[in-house]
Every structure is written in structure tokens, then in C-alpha cells.
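Let me begin by presenting the structure, written as C-alpha cells, before commenting on it.
The values are calculated or read from the model by the stated rules, or taken from the named source; none is laboratory data. Nothing here was measured: the structure is a model prediction, and the numbers come from that model. Because the Cβ atoms are built from the backbone with ideal geometry, glycine has one as well, and the counts that use them run over all protein chains shown. Side chains are part of the model used for accessible areas, which takes the heavy atoms of the whole protein and leaves out ligands, DNA and RNA. Shrake-Rupley method; radii C 1.70, N 1.55, O 1.52, S 1.80 Å.
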Amino acid sequence: METATMKRTRKIQLWIDLPTKEERKIALDTLYQWQNRCFRAANLIVTHLYVQEMIKEFFYLSEGIQYKLADEKKVEDGILQRSRINTTYRVVSNRFKGEIPTNILSTLNKTLVTSFTKDRPAYWKGECSLKNFRRDMALPFSLELVSGLHYDDQKNAFCFKLFQIPFRTYLGKDLTDKRKLLEQVITGNTKLCTSHIKLKNGKIYWLPVFEIEKDEHRLRPEVIAEASLSLEYPLIVKTANKKLTIGSKEEFMYRRLAIQAARKRAQEGATFSKSGKGTKRKLKAMHSFHQKENKYVQQRIHFYSKSLIDFCIKHQVGTLILRNQEDKIGIAKAEKFVLRNWSYYDLMVKIKYKAEKAGIELIVE
């Protein structure tokens, strides 16, 4: 049965809400220490999970050995001293005890055990490699650690405590639904799930996971729309008696190539720029154009995908089919110019998200 809710992640910048610079620095250093221990623990957990699965290979010189990856107290042929999920938790808990909150280790362990079990068939078929975690990975934590979430009128921000460290949000202009979702969490209309803290370049980002309700529309499953991504038009969609072309090649490519040309000119002129604080100042204009290009592409992709879903809702389309995507991707890979400038994958991801939120069944052929 199809669920009426879906989980979506947002990215919110956080500031440590402490009065002095020294206190803020101590709190930030603590978070970086936890990040380091979390990265080491994640790789350790995955390694132990893989060894447990491959333990039967260690018995190839013996015969008649019966074993099961289960608690020996509960299963006759069990070879573990505790439950399987508890084995990996005890390994990292004993290794990093007192250096990182146990809630992070517990949440991390549950997440990795679940993902390992899901990906296990692909590991044995050789279709994917074992996960390897980087030093800048995000810190997972459960909902009960977020306390005192409220909106402070004086600070014009949402404030809360996490690991007994006070934080306040920075939403900027907030052109998305972040403020609305946080307000719904406070009133109890939206559920907050297991989330993450991300540290990057001295900044702190909160990645909250919200369980939101899907939009209700009067859709008819028997009404089918076919959409395709092409080189001439970003999207072409048609039903039995309606057709719509969304965007154009000139509209998308012209603006993007213009920004790329401006970035190239800025890069060539960086040689004559004042150095000041080194390469960062010299390349400031070039990086600015790089950000402009990314923002422009994301804005157009959001517009194209929203126009497609709005068309489906208007005509009560219950099933959306994306046709001939393998052929289009093959053409894009063959043409380096197209592959670099035509964002097929991002567009498909956003179409999938918006279709799921609207309750439209999406089929990719």
C-alpha cells in the first residue's frame, strides 16, 4: 500500500549560539573531533560487517563445521557472543568510548547495518564496491537529542540545543520551504526524523530530515503522459490529445555558455589581479561566475521539472513515462559538449522527487 508521507532532507546553516569567541571555538573543535571519530568508526563497522559475511570462506580447510551469524545463547550453531547488530556497536563503542557521544555511534551503526544488508546482493555479484567513508562525512544523530526547538524573535532565528551545545539557524532570504517546515515541527504538524550535522570549511550545516505529507490531487491512473528529454528541448510531454514543449536549447545553452565565457575571461584576467591574500583573492571573480552558473542551471532545472508536473496535474495524469532515456544518455556521452552542458541526471532526479510528492507514478524506460 502506498504511503501518504515521504521523507525529504533540507540543508540549513547553523551558528553556535555562545557569547564568547573562545567558547564557540571549543564547541567547534569538539564537533570536528566527533567527525574524525565518526569517520573512523564508519569504516570500522563496514569492515567488520564484510568480514562477518565472508567468515564462511575462512572455514574452507575444514569440514562439518556448522555456524550461523547469530547469538550463541539463542541459536544452537551461533558463533557470536551477542546479537549481530550489537557486535559492531560494541566494537566502536569500546574503541571510542568517551571520545564521541554514544548516540552518534548507535545511529551510525543502525544506518550502516541497514544499508549493508540492502546492498549485500550487489556486493556478491561484484556490481558495487564496499563503501568507503571520507574524513568530512556528516554526523548522524537521533531526534531525541534535539531539545528546545523554538523561534526567537530577538535573534530572528530558530534556536535549539544539540549535544547540550546551543545553536541558532541562519536561513538568509529563505526562498524555499525551510522556515515553513521548522514552524510545522514546532507545532507538531511535521515529524523530524534522524538527521545529520555537516562540517565544511569551518561552517556548520544541519541536514534535517522531515517526514512530509504528499500533495493530494485528483489524478486518474488510467491517464498516461509520455515525456522525453531531447537535445532541442529540455522536455517534451504529451498525452492523448495535449502536447507541451518546455524550454528550448537556445534558452538554456545560450545563457550557460555566456556565463562560461565570462568565467574564462575572468580566469585569463586573474594574472593581473591584485594578489592581496594570495590565490583566493585573484580567483574570486572566477569562482563567482562558477557559482552563478550552478545557480542558473539549478533554477532552470527546477522550472522545467515543475512545469512538467504542473502539466500532469492540470490534465489529471496519474502515470508519467520517461521514454528513450538510455538513447539520450548514450548520445550525451558520445558528445562531450552535450555531456558537459546538458544536465540530464539532475533533471531526472528533480522530476522523480516532484512526481512522488504529487502522487504521480513515474516509469523510466
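Residue by residue through region 227-247, note down the ones that are small (Gly, Ala, Ser) and either modelled with pLDDT of 85 or more or part of a strand (DSSP E or B) (or both). The answer is 227, 228.
Could you say whether any residue in region 103-114 is surrounded by 14 or more Cβ atoms within 10 Å (Cβ to Cβ) and at pLDDT below 85? Reasoning before the result, please.
As a first pass, look at region 103-114 and keep what is surrounded by 14 or more Cβ atoms within 10 Å (Cβ to Cβ): 103-113.
Cutting the leftovers down to at pLDDT below 85 gives us none.
Checked against the condition, which is being surrounded by 14 or more Cβ atoms within 10 Å (Cβ to Cβ) and at pLDDT below 85, region 103-114 yields no hits at all.
Is it the case that region 148-163 has a residue that's under 21 Å from residue 37 (Cα atoms) and open to solvent by 40 Å² or more (accessible area, probe 1.4 Å)? If you could, list the steps in order and put the result at the bottom.
First, the residues of region 148-163 that are under 21 Å from residue 37 (Cα atoms): 162-163.
Now restrict to residues that are open to solvent by 40 Å² or more (accessible area, probe 1.4 Å): none.
Taking every residue of region 148-163 in turn, none turns out to be under 21 Å from residue 37 (Cα atoms) and open to solvent by 40 Å² or more (accessible area, probe 1.4 Å).
Beta carbons closer than 6 Å, at least 6 apart along the sequence or on distinct chains, pair a first residue in region 126-137 that is closer than 24 Å to residue 198 by Cβ and touching a residue at least 12 places away in the same chain (Cβ under 8 Å) with a second that is open to solvent by 60 Å² or more (accessible area, probe 1.4 Å) and not charged (D, E, K, R) for 130/50. Given 197, 224, 186, which one is outside any strand (DSSP E or B) and of a type in the set (Val, Ile, Thr)? Matching residue, one of 197, 224, 186: 186.
Would you mind stating whether residue 249 is within 30 Å of residue 147 (Cβ to Cβ) and open to solvent by less than 80 Å² (accessible area, probe 1.4 Å)?
Values: within 30 Å of residue 147 (Cβ to Cβ): no; open to solvent by less than 80 Å² (accessible area, probe 1.4 Å): yes.
Here the answer is no, as residue 249 does not meet what is asked.
Taken together, the residues in region 119-144 that are open to solvent by less than 50 Å² (accessible area, probe 1.4 Å) and within 22 Å of residue 187 (Cβ to Cβ) amount to 1.
Just for region 200-210: of the residues that are part of a strand (DSSP E or B) and loosely packed, with under 14 Cβ neighbours inside 10 Å, which one is modelled with the highest pLDDT?
203
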